[in-house]
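Readers should treat all values here as calculations from the given coordinates under stated rules, not as data from a laboratory. These numbers come from a predicted model, not from an experiment. Positions of Cβ are backbone-derived with ideal geometry, glycine not excepted, and every protein chain shown enters the neighbour counts.
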Amino acid sequence: MAATQLNLSFEPPQFDTLKELINHVVYSCGRQQKYIAAELGWSPSQFAHILSGDDGRSFPAEKLTDLIRITAPTGHLIIYWLVDRFLSDGTSRRDRALFAVETMLPELQRLMEDLKK
């Protein structure tokens with residue numbers, strides 16, 4: 001079987017942990033938490049404890065694909081984060097970071113001039 005290469009172009013979400021990203025997706029997807037919890041088979045209070053990490057609970061891996069589907073398209077950020085985290089090489093990350101800095105540089109220079117006034 002021949003190997004194929006997959007090229008993706010996207011802006012990866014900037015979160016340090018998957019837990020932070022899951023919370024962001026849940027809170028920003030536009031759906032009420034009680035409905036997300038119900039579709040995942042949990043009560044709203046169980047879901048709140050899982051999201052907060054109280055008493056050592058964490059989001060179960062077997063529910064991750066359901067969460068992505070339920071919160072789509074915002075849930076797709078989880079896929080992008082995982083791809084960036086595990087499939088992107090250092091050169092790609094560095095190139096994206098360099099591009100982001102170059103894009104911000106004119107605005108930062110203008111702001112520095114404003115501060116000097």
Seminar exercise, completed: When Lys63, Lys117 are arranged by how many other beta-carbons sit within 10 Å of their Cβ, fewest first, they go Lys117, Lys63
Seminar exercise, completed: Between the residues Leu108, Ser88, Leu67, the Cα farthest towards the positive end of the dipole of the chain, that dipole coming from +1 and -1 charges on the beta-carbon of Lys, Arg, Asp and Glu, is from Leu67
Seminar exercise, completed: Matching label for the computed Rg and Dmax of the Cα atoms in Å, out of (i) 13.0, 37; (ii) 23.3, 63; (iii) 18.8, 65, is (iii)
Exercise. What 222 nm value per residue comes from the helices of the chain, counting each DSSP H run with n ≥ 4 as -39,500 (n - 2.57) and dividing by all residues, nearest 500 deg cm²/dmol?
Worked result: -20000 deg cm²/dmol
Exercise. If each of Gln33 and Gln14 carries a label point 7 Å out from its Cα toward its Cβ, how far apart are those two points in nm?
Worked result: 2.6
